[in-house]
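**Student:** Okay, handing you the structure first.
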């Protein structure tokens, strides 16, 4: 089981510095969790993740259930030894991927039927199966199966997903828990404050050691996401960790940490790396830009990662244009390092009671970050 | 300029233990040179190559001329700083790739006209341009432009390529040399002994600090390759390094080192890695095999590389089946480590005057390697 301690509240915002204690070690919060979809944070080794300062990673239940299969991973001792990662792991429930990767997923009160995006085989994900899979994976933190409403859902549709999510959360809790694994509840309610409040109350009533805000970053305007997150965060217990699922770019991590969110995950640093979009202390860089063809300077002179200390922008651009595997490696290593160092800066500001008055403007070199 | 010293001759074969001194450090021979086609040994960082024991790597003039361009690399200080590799580099002449990647390449006595495989643009590679490119790349060892004959060339066709190669070698020598760069000659002559002898004599007469055997491993039977290599090697000066281009699998490295060959290069370890074919001390492993799905053991328990010390065959198979970038990384790291350690074993046997009586049977677990 996990334990969570709020070490310090920030004088200038609702941010908190926390310590999350898990069977695989302690995590300092607020924290960003790199996403390791298929038992690997794409392009990186587990050793590199440790080197970059990753304290916890996320594994995707949907992908691992389909390939190589949770039973295979279970027989090999779980996800930790399988991918040689001995720090904490959080697994999602698989629900979000079922919906986002399967247009034809059919949902009813029992669960959701879908066809594998790999081979078209038929599957039926239920709350019970989701927990069973996550138990085989052996994550430190498991998530309840929920049903996020579409971002444009009206009250009736959002209530439907709220009710179904509440019922499924209860069923997840009824599965005998695995020793050492903690189950987090998820607040739904779409973009409707009254439903968010109700979902928060009902999820808290069920009782979990941690709470997530789900159903955001699903296509709504950024301002709406921020408003709903800001409204929902203080509805959650002070003494439990709060996890905002699927967020986000550096500026949103900054904003949401100051709302009192403790945990984040997003594919942005890894996916953007493979598209050549790199986050730096001077703003976003599109490494394909011909401007960098003969640029001998490091990508980000303030970054301590191997990419920035050993290679030039000219080399990174060449590797990307030549579609070399090393491009994806070096780009990913940098972006992950940037996100993790970004959170470290936020934690340091909370610890030292400095205002978090910097911002991140993704537009490029005109941005201000200090 | 390079210097070469034969430190020891093997009591049980024609193998020699040598030391090749270059502006970027010393190399122990016999040596295998990993191929870094596009300024990267595919999937690996320069730091990993050092860790795996790579003493020298090969860069491809054809690819780097087309992208990012030798002038770009030259402006950035050459290939060494560009790819952050401070050990020796050998560059080929570009000729072999022109012929193998361009069905429509047109050759005459001046040079070879071809269209870029990237954008169809027209180019004209001459001996002078090849040297100019290699000088901009700043390799420690450059190769003369030659024209390999097809493996099934009769005497007339093989003589034509011999004569053209000889004339081009002379023109390469007439280009003012770059300080610190050494130019190797290449023996051609197809599969015809009398032509090999003549080519060796004429190349030696021109005078080079090192000699390569070219035009092998181009489609002929393995036995033919071995016979021609064995015939040609002793025709080359004892006091100069001998380089067999494009060879080969572990068993051929073993055989040819015992003929007195000092240097080898081949894309086999890197290319096969990306196809899932892995070289181990127990023979070749096809990591796609379902047999490995739940295999918790390391790929090669005798191998000290990160792949073998940190991950299981089950994980390697999963990564490969899921087409993860990490699969290519870990597979390549292992294969390169295996080839480099293989050469280390050969050097140790020469040093200690032990017979090189082991063999490598690529067929799998039935093979004997000790």
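A quick yes/no check of all residues on (1) farther than 30 Å from residue B:28 by Cβ; (2) touching a strand residue (DSSP E or B) at 6+ places or on another chain (Cβ under 7 Å):
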residue: B:289; (1), (2): yes, no
residue: B:318; (1), (2): yes, no
residue: B:325; (1), (2): yes, no
residue: B:335; (1), (2): no, yes
residue: B:348; (1), (2): no, no
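**Student:** Follow-up question, since we're still on this one. Would you mind telling me which numbered condition in (1) within 11 Å of chain B (Cβ to nearest Cβ); (2) part of a loop (DSSP other than H, G, I, E, B) residue A:299 fails?
**Tutor:** Every listed condition holds for residue A:299 apart from (1).
**Student:** If we only count helices (runs of 4 or more DSSP H) wholly inside the stretch A:190-269, which ones have 2 or more residues that are under 19 Å from the mean Cα position of the chain (by Cα) and in the same structural domain as residue A:170 (by TED's automatic domain parsing)? Spell out the reasoning first.
**Tutor:** Values: elements: A:193-206, A:222-232, A:250-257.
In the stretch A:190-269, A:222-232, A:250-257 are the helices (runs of 4 or more DSSP H) which contain 2 or more residues that are under 19 Å from the mean Cα position of the chain (by Cα) and in the same structural domain as residue A:170 (by TED's automatic domain parsing).
**Student:** Identify all residues within the stretch A:56-85 that are touching a strand residue (DSSP E or B) at 6+ places or on another chain (Cβ under 8 Å), touching a residue at least 60 places away in the same chain (Cβ under 8 Å) and part of a loop (DSSP other than H, G, I, E, B); write none if there are none.
**Tutor:** Selection gives A:56 alone.
**Student:** Would you be able to say whether some residue in the stretch A:24-45 is surrounded by fewer than 24 Cβ atoms within 10 Å (Cβ to Cβ), more than 9 Å from chain B (Cβ to nearest Cβ), modelled with pLDDT of 95 or more and assigned to a helix (DSSP H, G or I)?
**Tutor:** No, the conditions are met nowhere in the stretch A:24-45.
**Student:** May I ask you to verify whether residue A:233 is more than 20 Å from residue A:193 (Cβ to Cβ) and touching a helix residue (DSSP H, G or I) at 6+ places or on another chain (Cβ under 9 Å)?
**Tutor:** Criteria not met by residue A:233.
**Student:** Right, here's the next one. Just checking, does the stretch B:209-224 include any residue being closer than 17 Å to residue B:9 by Cβ, buried (at least 20 other Cβ atoms within 10 Å of the Cβ) and touching a helix residue (DSSP H, G or I) at 6+ places or on another chain (Cβ under 9 Å)? Give the derivation first.
**Tutor:** In the first step, residues of the stretch B:209-224 are kept if they are closer than 17 Å to residue B:9 by Cβ; the result is none.
Checked the stretch B:209-224: no residue is closer than 17 Å to residue B:9 by Cβ, buried (at least 20 other Cβ atoms within 10 Å of the Cβ) and touching a helix residue (DSSP H, G or I) at 6+ places or on another chain (Cβ under 9 Å).
**Student:** Hey, does the stretch B:94-102 have a residue that's at pLDDT 95 or above and within 30 Å of residue A:307 (Cα to Cα)?
**Tutor:** Narrowing the stretch B:94-102 to residues at pLDDT 95 or above: B:94.
Narrowing further to those that are within 30 Å of residue A:307 (Cα to Cα): B:94.
Scanning the stretch B:94-102, I find at least one residue that is at pLDDT 95 or above and within 30 Å of residue A:307 (Cα to Cα), so the answer is yes.
**Student:** Going through the stretch B:1-12 one residue at a time, which ones are under 17 Å from residue B:352 (Cβ atoms) and crowded, with 17+ Cβ neighbours inside 10 Å?
**Tutor:** Taking the stretch B:1-12 and keeping what is under 17 Å from residue B:352 (Cβ atoms), we get B:6-12.
Listed by number, the list holds a single entry, B:10.
**Student:** Let me ask something else about it. Condition check: over 25 Å from residue B:56 (Cβ atoms), modelled with pLDDT under 95 and surrounded by 17 or more Cβ atoms within 10 Å (Cβ to Cβ). Does residue B:312 satisfy that? I'd like the intermediate steps shown before the answer.
**Tutor:** Details: over 25 Å from residue B:56 (Cβ atoms): yes; modelled with pLDDT under 95: no; surrounded by 17 or more Cβ atoms within 10 Å (Cβ to Cβ): yes.
Taking the combined requirement at face value, the residue does not satisfy it.
**Student:** Now a separate question. Just one of A:353, A:357, A:265 is more than 14 Å from chain B (Cβ to nearest Cβ), farther than 20 Å from residue B:326 by Cα, in contact with a strand residue (DSSP E or B) (Cβ under 9 Å, 6 or more places away or on another chain) and surrounded by fewer than 19 Cβ atoms within 10 Å (Cβ to Cβ); which is it?
**Tutor:** On the way: A:357 fails: in contact with a strand residue (DSSP E or B) (Cβ under 9 Å, 6 or more places away or on another chain); A:265 fails: surrounded by fewer than 19 Cβ atoms within 10 Å (Cβ to Cβ).
From the options A:353, A:357, A:265, the qualifying one is A:353.
**Student:** Also: Quick one: count up the residues across the stretch B:280-296 that are over 18 Å from residue A:68 (Cβ atoms) and either assigned to a loop (DSSP other than H, G, I, E, B) or facing another protein chain (nearest Cβ under 9 Å) (or both). Don't jump to the end; show me each part of the working.
**Tutor:** Step one: of the stretch B:280-296, the residues over 18 Å from residue A:68 (Cβ atoms) are B:280-284.
With either assigned to a loop (DSSP other than H, G, I, E, B) or facing another protein chain (nearest Cβ under 9 Å) (or both) added as a condition, the list becomes B:281-282.
Looking only at that region, the number is 2.
**Student:** On to the next question. State whether the residues of the stretch A:131-148 include one that is modelled with pLDDT of 95 or more and more than 24 Å from the chain's Cα centre (by Cα).
**Tutor:** Initial filter on the stretch A:131-148 (modelled with pLDDT of 95 or more): A:131-146.
Cutting the leftovers down to more than 24 Å from the chain's Cα centre (by Cα) gives us none.
No: the stretch A:131-148 contains no residue that is modelled with pLDDT of 95 or more and more than 24 Å from the chain's Cα centre (by Cα).
**Student:** Separate question: Could you tell me which numbered condition residue B:276 fails, if it satisfies all but one of (1) within 14 Å of another protein chain (Cβ to nearest Cβ); (2) closer than 25 Å to residue A:63 by Cα; (3) buried (at least 18 other Cβ atoms within 10 Å of the Cβ)?
**Tutor:** (1)
Each row is one residue, and each column tells you yes or no for (1) more than 20 Å from residue A:54 (Cβ to Cβ); (2) without any contact (Cβ under 8 Å) to a residue 24 or more places away in the chain; (3) touching a helix residue (DSSP H, G or I) at 6+ places or on another chain (Cβ under 6 Å); (4) assigned by TED's automatic domain parsing to the domain that holds residue A:8.
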{"residue": "A:286", "(1), (2), (3), (4)": "yes, yes, no, no"}
{"residue": "A:294", "(1), (2), (3), (4)": "yes, yes, yes, no"}
{"residue": "A:299", "(1), (2), (3), (4)": "no, no, yes, no"}
{"residue": "A:304", "(1), (2), (3), (4)": "no, no, no, no"}
{"residue": "A:317", "(1), (2), (3), (4)": "yes, no, yes, no"}
{"residue": "A:323", "(1), (2), (3), (4)": "yes, yes, no, no"}
{"residue": "A:329", "(1), (2), (3), (4)": "no, no, no, no"}
{"residue": "A:340", "(1), (2), (3), (4)": "no, no, yes, no"}
{"residue": "A:344", "(1), (2), (3), (4)": "no, no, no, no"}
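**Student:** Report the residue count in the stretch A:81-109 for those that are surrounded by 22 or more Cβ atoms within 10 Å (Cβ to Cβ), within 14 Å of chain B (Cβ to nearest Cβ) and more than 21 Å from residue B:290 (Cβ to Cβ). Talk me through it step by step, then tell me what you get.
**Tutor:** Filtering the stretch A:81-109 for residues surrounded by 22 or more Cβ atoms within 10 Å (Cβ to Cβ) gives A:82-83, A:85, A:88-96, A:98.
The next check asks that each one be within 14 Å of chain B (Cβ to nearest Cβ); those that pass are A:82-83, A:85.
This time we only want the ones that are more than 21 Å from residue B:290 (Cβ to Cβ), so: A:85.
Adding up the residues that qualify gives 1.
**Student:** Turning to a different aspect of this structure: Every residue in the stretch A:302-318 that is farther than 24 Å from residue B:70 by Cβ and within 11 Å of chain B (Cβ to nearest Cβ), please.
**Tutor:** Let us first name the residues in the stretch A:302-318 that are farther than 24 Å from residue B:70 by Cβ, namely A:302-309.
Result: A:306, A:307, A:309.
**Student:** Does any residue of the stretch B:55-70 turn out to be under 30 Å from residue B:163 (Cα atoms), more than 10 Å from chain A (Cβ to nearest Cβ), at pLDDT below 95 and buried (at least 23 other Cβ atoms within 10 Å of the Cβ)?
**Tutor:** No, that holds for no residue.
The values are calculated or read from the model by the stated rules, or taken from the named source; none is laboratory data. Note that the structure is predicted; figures quoted are calculated from it, not measured. Heads up, the Cβs are rebuilt from the backbone with ideal geometry, glycines too, and the neighbour counts pull from every protein chain shown.
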